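Read the structure below first, then the notes.
The values are calculated or read from the model by the stated rules, or taken from the named source; none is laboratory data. Just so it is clear, the structure is predicted and the values come from calculations on it, not from any experiment. FYI the Cβ positions are ideal-geometry reconstructions off the backbone, even for glycines, and counts take in every protein chain you see.
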Amino acid sequence: MTDDDTRTLADERRRLLGHLELERNQLIRNIEFCRIRDIERPFIDEWSLKDIVGHLASWEAEVVSALRELREGKRPHLLDFDSASLDEWNNDHVERKRDLEFSSVFEQLRGGRMRLLEEISLVMDEELTAEGSVPYRLVHSIIDHEREHWHEIAARLAGMAGARHTGPQSVPEEVTAAGDS
């Protein structure tokens, strides 16, 4: 591999991590604009803001586990997720966090990002930046998932009926959309 190839891959890693940071910052910015009452009361459909944050934290934890499984030479369980049980999985994980304080759920979101970045740091540039690779799809699933939810929050704050669709609506859908490479 030439020095130019190495620089290109490093640039792609930085770009990918920049997108990850951008979407998280947009999410947090939109959360900060919400009213305190939106934390516990239904905000988007039946979910409160706390439910949405908990939902995102749960899926990020699944992606961290998938990256860890890859690193250990295992096939990530997330690749075999049964999409038919998606709503049940989401509702179950939201319910698990309902009795927690918002600050605890928000801290799970922050802590999850730190763990995600740690796992990403252990992935070789070639694997992380290869379009269609599992690590690439996993990271993009988080980017797309956060984008989808912050768009929904922004639309609600703006008094709009809904957000424009920005991509796959779930982590498993995004991860499995390109196949099982």
Going by what's in this entry, would residue 137 be described as buried (at least 21 other Cβ atoms within 10 Å of the Cβ), of a type in the set (D, E, K, R) and at pLDDT 90 or above? yes
Which of the residues that make up segment 86-135 are among the hydroxyl-bearing types (Ser, Thr, Tyr) and in contact (Cβ under 8 Å) with a residue 24 or more places away in the chain? 129, 133
When you go through 88, 107 one by one, which is the residue that is surrounded by fewer than 16 Cβ atoms within 10 Å (Cβ to Cβ), closer than 19 Å to residue 25 by Cβ and acidic (Asp, Glu)? 107
Criterion first (more than 13 Å from the chain's Cα centre (by Cα), farther than 26 Å from residue 156 by Cβ and either at pLDDT 95 or above or not small (Gly, Ala, Ser) (or both)) does residue 4 satisfy it? yes
How many residues are crowded, with 19+ Cβ neighbours inside 10 Å, part of a helix (DSSP H, G or I) and in contact (Cβ under 8 Å) with a residue 60 or more places away in the chain when one looks only at segment 24-54? 7
From 107, 126, residue being under 24 Å from residue 12 (Cα atoms) and either assigned to a helix (DSSP H, G or I) or of a type outside the set (Asp, Glu) (or both): 126
